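Q: Provided herewith is a single structure, encoded as structure tokens, for subsequent inquiry.
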Amino acid sequence: MLPVLLDLKFLKIYTMGVFLVLSFFWGSFVLWRLIRLSSYKEEDTFDALFNGLWGGLFVGRLVYVALHFSEFGFDIFKFVLINGYPGLSLYGALFGFFLVLYLWCVLKKIKMGGIADYFVPSLFLAEGIGKLGSFFSGSEVGVKTTFLLSVKFANMDGLRHLTPFYESILFFLLAYITHKILFEIRKDRLQSGFNLSFFFWGQALVYFLFDNMKQYQLYFLGYSFNKVLSSILLLTFSFYFVYYFRSLIKEKAIHVKNLVAHYVKRTFKNIFRKAKKEDHRRTKKNSSPS
């Protein structure tokens, strides 16, 4: 792993920092491209983005410090000096971001679900790039494994899972899916706000799948904070999607039932036909002269 990308003696360029800049740049670029297709003003949207980032940074840091209170206490300097005392809760950051976005929408009298749909692909893309940075910099470490795909981390014993790399792949895939969903929303095939619901479901899915494969986890009352929260979000939004697509599910279920009934009917019909032919053949054979 490469924590320092370039050492110029008088200046060190950190790998994670470079990837964070890339995630912000490409995320903002995609948001700009998408928002241009809508009726939302670009300057207002980016005001919401920058305010949301500050809110996300503050709340993400606050949640992390609260979960590690024994290490930080009430020391304000440890809270502010994130370079010297690193740590950030991604769920906390997302909560802070959407909280500020909601307040901004209330102030501007805009429906949050509508504009949030445009933020979702950019957020997933930014997370994917950020997770790649975590992998290459070694800031996130997987648990020990004997799996074929593994890597050796500096100052860590044994081979480790490529956990942040796996997460980045899923985030890139989710960015692509939500990009497609956005255009389905624009065609009125899905309701406004659907992308936002899918974002929380996708975020929870990634963390639910890979949290146990991380060496360092956030704990609350002895349980993994991310795992518990992911389970709640995953179940909640899974039930929501079942309810949302209930008519389609019912239609498909009836179609499958009809197909199965038709197959079973045809199968038994063939069996009876063969049995009848066999009985007819035996009867004819028995009735024939010796």
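The values are calculated or read from the model by the stated rules, or taken from the named source; none is laboratory data. If you're wondering where the values come from, they're calculated on a predicted model, not measured in any experiment. Glycine gets a Cβ as well: all are built from the backbone with ideal geometry, and neighbour counts include every protein chain shown. Only protein heavy atoms, including side chains, enter the accessible area calculation; ligands, DNA and RNA are left aside. Shrake-Rupley method; radii C 1.70, N 1.55, O 1.52, S 1.80 Å.
Q: Considering only residues that are under 27 Å from Phe25 (Cβ atoms) and either among the acidic types (Asp, Glu) or at pLDDT below 80 (or both), which ones fall in region 142-167?
A: Correct list: Glu167 only.
Q: Restricting attention to region 17-75, and to residues there that are among the aromatic types (Phe, Trp, Tyr) and touching a residue at least 24 places away in the same chain (Cβ under 8 Å), which single residue is most open to solvent (accessible area, probe 1.4 Å)? Talk me through it step by step, then tell me what you get.
A: Taking region 17-75 first, the residues among the aromatic types (Phe, Trp, Tyr) are 19, 24-26, 29, 32, 40, 46, 50, 54, 58, 64, 69, 72, 74.
Keeping just the survivors that are touching a residue at least 24 places away in the same chain (Cβ under 8 Å) gives 19, 24, 26, 40, 54, 58, 64.
Values: Phe19: 41, Phe24: 91, Trp26: 114, Tyr40: 60, Trp54: 181, Phe58: 114, Tyr64: 40 Å².
Looking at the filtered set, the residue picked out is Trp54.
Q: Does region 199-239 hold any residues that are open to solvent by less than 20 Å² (accessible area, probe 1.4 Å) and part of a helix (DSSP H, G or I), and which are they?
A: Phe199, Gly202, Gln203, Ala204, Val206, Tyr207, Asp211, Asn226, Ser230
The rows are residues; the columns are (1) open to solvent by less than 30 Å² (accessible area, probe 1.4 Å); (2) out of contact with any Leu (no Cβ under 7 Å at 6 or more places or on another chain); (3) within 26 Å of Lys180 (Cβ to Cβ).
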position	(1), (2), (3)
Phe79	no, yes, no
Leu90	no, yes, yes
Phe98	yes, yes, yes
Lys108	no, yes, no
Gly114	yes, yes, yes
Ser122	yes, no, yes
Ile129	yes, no, yes
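Q: Right, Leu20: within 22 Å of the chain's Cα centre (by Cα), farther than 30 Å from Leu221 by Cα and either assigned to a helix (DSSP H, G or I) or modelled with pLDDT under 90 (or both) or not?
A: Yes: the conditions hold for Leu20.
Q: The conditions are (1) more than 20 Å from the chain's Cα centre (by Cα); (2) more than 19 Å from Gly193 (Cα to Cα); (3) open to solvent by less than 90 Å² (accessible area, probe 1.4 Å), and Lys12 fails exactly one of them. Which is it?
A: Here Lys12 clears every test but (3).
Q: May I ask you to verify whether Phe272 is open to solvent by 90 Å² or more (accessible area, probe 1.4 Å), assigned to a helix (DSSP H, G or I) and either in contact with a strand residue (DSSP E or B) (Cβ under 9 Å, 6 or more places away or on another chain) or modelled with pLDDT of 75 or more (or both)?
A: Working: open to solvent by 90 Å² or more (accessible area, probe 1.4 Å): yes; assigned to a helix (DSSP H, G or I): yes; either in contact with a strand residue (DSSP E or B) (Cβ under 9 Å, 6 or more places away or on another chain) or modelled with pLDDT of 75 or more (or both): yes.
Criteria met by Phe272.
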